[in-house]
Every structure is written in C-alpha cells, then in structure tokens.
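Following: one structure in structure tokens, then a few remarks.
The values are calculated or read from the model by the stated rules, or taken from the named source; none is laboratory data. What you see is a predicted model; the values in this text were computed from it and never measured. Glycine gets a Cβ as well: all are built from the backbone with ideal geometry, and neighbour counts include every protein chain shown. Quick note on the areas: whole protein, heavy atoms, side chains included, nothing else; ligands and nucleic acids left out. Shrake-Rupley method; radii C 1.70, N 1.55, O 1.52, S 1.80 Å.
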Amino acid sequence: MMRRGLAAAAAAFCATIAGAAVAQTNIPSPTLDAVRARGNLNCGIHTGVAGFALPDSRGEWQGMDVDLCRGLAAAIFNDPSKVRFIPLSSSTRFTALGSGEIDVLFRTSTQTMLRDTTLGLRHVTTYFFDGHGFMVRANAGVTRVRDMADATICLIQGTTNEQVTADYFRSVNVRFQPVVFERTDQAQAALVAGRCDSFGTDASQLAGVRSSMPNPREWTILPERFSKEPYGAYIRRGDDNWYDIVRWYTTAVIEAEEQGITRANAEEMRRTSTNPNTRRLLGVTPELGQSLKLDPAWAYNVIRAIGNYGELYERTMGENTPVALPRGPNNLHTNGGLIYALPMR
C-alpha cells in the first residue's frame, strides 16, 4: 500500500512538472513575435572597431559581433541577411536597448553585476573574454603602466574602462589626466594627433584600433591587464523565451566547434552522423528547436551561415587578419581557454 501511494504521488508530481513545462513553453515572447512580424532583427553593434564591427571598403559591416547578429537572424529566419545593424556608442547602447530601438545588443559589452541588476536588462552568456589594457607609442620608453605618471589617457565615455583606469592609478597613488570621448574613432584620432599619451580600453579593442592605424608598428599594447571584461549579449528583462534563444544560440556556435562541425561539413554531418548530440544540434531530432519555438534546423542554419566559434574568431580577428589577436582565453577549454559550451540536451 505504501509503495502504491508513493508511486501515485511520484506520478502526480511528474505530471505537475510536465504541465508546468508545457505552460512555460506556451508563454509568448514579445521580442520574438515583434522580430517575426517586422521581418528582420534589429541588432545593436559598435560604431566601429576592427575585429568586432567595422564597415569594409564596400560599406558592409564585418566583425565578430556583426556575424553574431547575422547568425541570430539565421536561427530565426534561416536567412542571415534579415538583420538591421544599428551602431551605438557606449553611452547610448543600453538606453537604445531599454527603449526597444534594438532587439539585442552584441556590442563588446562587459557583463557586470550592476548592469545586470539596475538597468532593467539581462546579460545573457559570455562569448568573449578580455581585460583592460593600455596602448602607447612604441618609442615612448614606457614598459609598464605605473611609469605613466601625469600621462594624458584617452578613454571612452560610458565604459567600464573609465572606472578601471581611475581605480588603478588611485591604487598606486599616481596622477593621470583623463580625456573622454564618445566614440572609439574619436579617441583614436586624438591619440594619433598627440592629444593623448595613451589609450585605455580592452586589449582586443586596442588590437583592433592598432590594426587600423596609419603605421601599426608605431604602437605597442602594454602586457599588463587590469580587469576582467567578459563580453555578453544584452536583452531586456521579462522575456524568458528570448533570453533562452539568445543564450542557447550563442552556446550552439561554441558547441559546434567542440563537436568539429563546420560550415563545410555541417550538411554531411547532419546526413550521416550517428552521434546523438550531433543529431540534436543539427536538428535531425527536433527537441532543441521545439524548446525554443524555432525551426528544428535552427542551429544547422546558423552554422551554415557563420560557421562555428573557431571559424568566427579566425575570420574576424585571428592571426591571418590585420587584428591578429591570439585566442588566449578565447580558446576552447580543451585547449587551455575559457570557452565552454553548456550541455545541449
């Protein structure tokens, strides 16, 4: 009798959980509904920094954040072109997201506690790890940041870099003079013109800026790092399905590299693989897409559009690009990095 009672209770509990899960999946996503009704994704990106978001000679946006926007459009529409890029400064990016001007922000945006808890926004999941650094002229005779007493330093308004720089110089009791700009290109021009002795921002962005200098060899990025700067997409709070889509979309790009799925072999692997994880990711079995209210082939469409994380990195800032930034912490965890896909099952 006791066993039958326990079994009945367990069955009732499972039914309750299953019913709750079904109810959860039926909750509409205002953002996804708006994107589908509009016919395109509004994606916030940088105003211009090589490696992440910069127009090419034809005026077409290129870079890691740009391709992440295209990939998300492919997940939703099976068409990476159905995206509208909206360049935003550091000081306007979160306001634009909160007001509904954009659907998602892929814009070199550090995930911090106060941003996540006070802006009415949610950071989603980390796709890039960086740290604050400083760039100086190679002939300046500066080998460490502590030597830059009374230096004039270019900074970007509305970034974590303002606070990181102030905190560091205060901690070593060294004075400096900040010169604050709204956009990276303005700070770059001031640095070249000699208005600043140094530029302080995340090391990846310094590498991007240096690559677009008239003579990159005239500039050096000092080796010290003064902060943790994990970049993640941001969305508005209160839309759980949209959060799930952006989170697991980003994870799928990483998972594809972990499984060795590329743009070139995705079609063959979808057709021939017997690996259950591969079959789930590529939509041969439909449960991942169903859980997100997307086509079963959503991740396959993404990989065919932009490739896996390694392909994305090498194409936008790898050693064969002008940025030439070593992967370092942005290697897969199996190669000594921090990039790690959560289990997609």
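Observations on the structure shown:
- Legend: helices of the chain (whole DSSP H runs) are marked when their alpha-carbon atoms reach 15 angstrom or more along the helix axis and their mean Kyte-Doolittle hydropathy is at least -1.0; marked are 2-25, 64-77, 240-259.
- GNM result for the chain, Cα springs below 10 Å: residue of Ser91, Ser109, Ser99 fluctuating most strongly: Ser99
- 10 Å Cβ shell holding at most 15 others, DSSP loop, GluC sites (Glu not before Pro): longest site-free stretch of the chain: 225-318
- Amide H to amide H distances under 5 Å link Arg237 with Leu121, Arg122, where only residues 5 or more positions off or on other chains count and H is placed in the peptide plane.
- Alpha carbon centroid spacing (whole Å) that separates the range 213-291 from the range 306-344: 10 Å
- Think of it as helices only: each DSSP H run of n ≥ 4 in the chain is worth -39500 (n - 2.57), and spread over all residues that comes to -13000 deg cm²/dmol at 222 nm.
- Solvent-accessible heavy-atom area per residue, rounded to whole Å², over the range 282-345 at 1.4 Å: 45 Å²
- Difference of contour (0.36 nm per residue) and Cα-Cα distance, Ala140 to Leu114: 5.7 nm
- Solvent-accessible area per residue, Å², over the range 104-151 with all protein chains present [probe radius 1.4 Å]: 42 Å²
- The chain: relative contact order in percent, alpha carbon pairs under 8 Å with at least 6 residues between: 21 percent
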